[in-house]
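Quick note: the coordinates plus some simple rules give every number you see, no bench work behind them. All of these numbers come straight from a predicted model, not from anything done at the bench. All Cβ positions, glycine included, derive from the backbone under ideal geometry; neighbour counts span all protein chains shown.
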Amino acid sequence: MRVVTSQNDLLEKLAIFDAGLDDRIIEIAKLLVLATVKHNFPDMKGNTALFNREGDMNEIVVTSDSGRQCSSELKDSIYKSLVQDYGERLGEIRGSYPIINRSWAEGFLELEKGRDEVATA
């Protein structure tokens, strides 16, 4: 069960679940795409990212505040790599997390960063 805050979020969640994907992994992938866009297109400001499925292709579509868009294919190999990297720890999460969005993914990755720093210390 998930809580969404907009019609676009609802449509995105439906597309993710219809594709048989984990929305938590998709939120992490969206952050990676946003970081790449920020690096490659620093003039794009206020970016949002949404998952989209076109035929058999999964993609992340990034839209700036000005309406400029770019997209990146989310290849199966990248998705599977993210599942391998984070899937086990996602399975360890207990409790109810009904809102899975950008803020959730940022918090999760921040915890992972802290966990990695402790492990290497």
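List of remarks:
- Residue-span extension gain [Asp43 to Cys70] - 0.36 nm each, minus C-alpha spacing: 8.4 nm
- Here the simple spin-label model places points 7 Å from the Cα toward Cβ, and for Ile99 and Ala19 these points are separated by 2.4 nm.
- Look at the dipole of the chain built from charges on Cβ: of Gly46, Ser72, Val83, the Cα furthest out on the positive end belongs to Gly46.
- Neighbourhood charge, 12 Å Cβ-Cβ cut-off, centred on Met44 and excluding it, Lys, Arg +1 and Asp, Glu -1: +1
- Here the dipole of the chain is about 200 debye; that uses its Cα centre as origin and unit charges on the Cβ of Lys and Arg (positive) and Asp and Glu (negative).
- Computed with the Debye formula from one identical point scatterer per Cα of the chain, without solvent, the log10 of I(q)/I(0) at q = 0.09, 0.14, 0.21 Å⁻¹ comes to -0.26, -0.63, -1.35.
- A cut-off under 13 angstrom between Cβ atoms defines the neighbours of Arg2, and their net charge, with Lys, Arg +1 and Asp, Glu -1, is -3.
- Around Lys75: net Lys/Arg minus Asp/Glu count, Cβ-Cβ under 14 Å: -3
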